[in-house]
Amino acid sequence: MTSRHDLQTQLEHGIAALGLQLPANAVERLLDYQELLARWNATYNLTAVRDPAEMVTRHLLDSLAILPYVRGETLADLGTGPGLPGIPLAIAAPGRQILLVDSNGKKVRFLREAIRSLKLEGVRAVQSRVEDVEGQFDCITARAFASLADMLAWGGHLLTKEGIWLAMKGKRPDDEMPGVPAEFELRGTHALSVPGLEGERHLVVLGRASSQAGC
Ligand SMILES: C[S@@+](CC[C@H](N)C(=O)[O-])C[C@H]1O[C@@H](n2cnc3c(N)ncnc32)[C@H](O)[C@@H]1O
């Protein structure tokens, strides 16, 4: 079993490689989250990733890689599962109102425990299908949730007029572009260099077609 010290070293190197500067206690809190997830995962099967070092790479660092693109006061993480990327983003850049959305009851129970035990201020979890969520958000994140076409069809109403949609995708995001509804436009596709996952990840940034807000 990898020690917490080794995981801390891996995480700190990854954060430095991503060029991020996080609050003083963020690394400790990110590792607390990873430990809580690993503990619950043993019973509730919340993620297929079980190895702690892989959790640091595939969950923590992959989530943190989109931090430079996150904007605004309010954020919704759709199909968040056990809080990815929403919880690492909440720890790394506190101060936003964040809504974590998932339809799966056991995942939402985990999210509520994580919010409580990690004292994540401004973060809420709701058990709901995305289609039924109300409200509007400056920034929407989604990883491994659905195709671009489906996620925009189900959750497009949640994006403010000037808001940005950050869709975390794998090797070939361009394959999904033809499915993007006409009321949304592509603002950019960014290759993400996640330490340990080089070349595999892309961030697709979308906004409302009528908006001139850039990213
Ligand atoms: C593959 S998991 C990804 C979880 C997390 N975002 C991650 O990257 O690890 C997809 C999640 O989306 C949730 N989900 C699927 N369809 C949904 C819907 N229509 N509304 C809300 N959640 C949904 C599932 O319960 C599941 O937790």
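The values are calculated or read from the model by the stated rules, or taken from the named source; none is laboratory data. The model shown is predicted, which means the values in this text are computed figures rather than measured ones. Every residue, glycine among them, receives a Cβ derived from its backbone with ideal geometry; neighbour counts consider all protein chains shown.
Please find, within segment 136-150, the residue that is surrounded by the most Cβ atoms within 10 Å (Cβ to Cβ) out of those that are part of a loop (DSSP other than H, G, I, E, B) and hydrophobic (A, V, I, L, M, F, W, C).
Keep residues of segment 136-150 that are part of a loop (DSSP other than H, G, I, E, B), which gives 136, 144-147.
Next, only the ones that are hydrophobic (A, V, I, L, M, F, W, C) stay: 144-146.
Numbers: 144: 12, 145: 21, 146: 17.
The residue in question is 145.
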Output for segment 82-109, where each listed residue is of a type outside the set (Gly, Ala, Ser) and away from the ligand (no atom under 14 Å from the Cβ) | 91, 94, 96, 97
What about residue 125, is it modelled with pLDDT of 95 or more, surrounded by fewer than 19 Cβ atoms within 10 Å (Cβ to Cβ) and hydrophobic (A, V, I, L, M, F, W, C)?
-> no
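To keep it simple, each residue is scored yes or no on (1) assigned to a loop (DSSP other than H, G, I, E, B); (2) at pLDDT 95 or above.
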position: 134; (1), (2): yes, yes
position: 155; (1), (2): no, yes
position: 160; (1), (2): no, yes
position: 163; (1), (2): no, yes
position: 167; (1), (2): no, yes
position: 174; (1), (2): no, no
position: 191; (1), (2): no, no
position: 198; (1), (2): yes, no
position: 205; (1), (2): no, yes
Of the residues 65, 42, 16, 53, which single one is touching a residue at least 40 places away in the same chain (Cβ under 8 Å), farther than 19 Å from residue 124 by Cα and over 18 Å from the mean Cα position of the chain (by Cα)?
-> 53
Which residues, taken from segment 110-132, are touching a residue at least 24 places away in the same chain (Cβ under 8 Å), assigned to a helix (DSSP H, G or I) and within 15 Å of the ligand (Cβ to nearest atom)?
-> 110, 111, 114, 130, 131
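Please go through segment 72-106 and give me each residue that is part of a strand (DSSP E or B), crowded, with 24+ Cβ neighbours inside 10 Å and either within 11 Å of the chain's Cα centre (by Cα) or among the β-branched types (Val, Ile, Thr) (or both), ordered by number.
Of the residues in segment 72-106, the ones part of a strand (DSSP E or B) are 74-78, 97-102.
Narrowing further to those that are crowded, with 24+ Cβ neighbours inside 10 Å: 75-78, 98, 100-102.
Those that are part of a strand (DSSP E or B), crowded, with 24+ Cβ neighbours inside 10 Å and either within 11 Å of the chain's Cα centre (by Cα) or among the β-branched types (Val, Ile, Thr) (or both): 75, 76, 77, 78, 98, 100, 101.
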For residue 199, indicate whether it is within 13 Å of residue 62 (Cα to Cα), without any contact (Cβ under 8 Å) to a residue 60 or more places away in the chain, surrounded by fewer than 21 Cβ atoms within 10 Å (Cβ to Cβ) and not charged (D, E, K, R).
-> yes
Output the residues belonging to segment 47-71 that are hydrophobic (A, V, I, L, M, F, W, C), surrounded by fewer than 21 Cβ atoms within 10 Å (Cβ to Cβ) and within 16 Å of the ligand (Cβ to nearest atom).
-> 48, 49, 67, 70
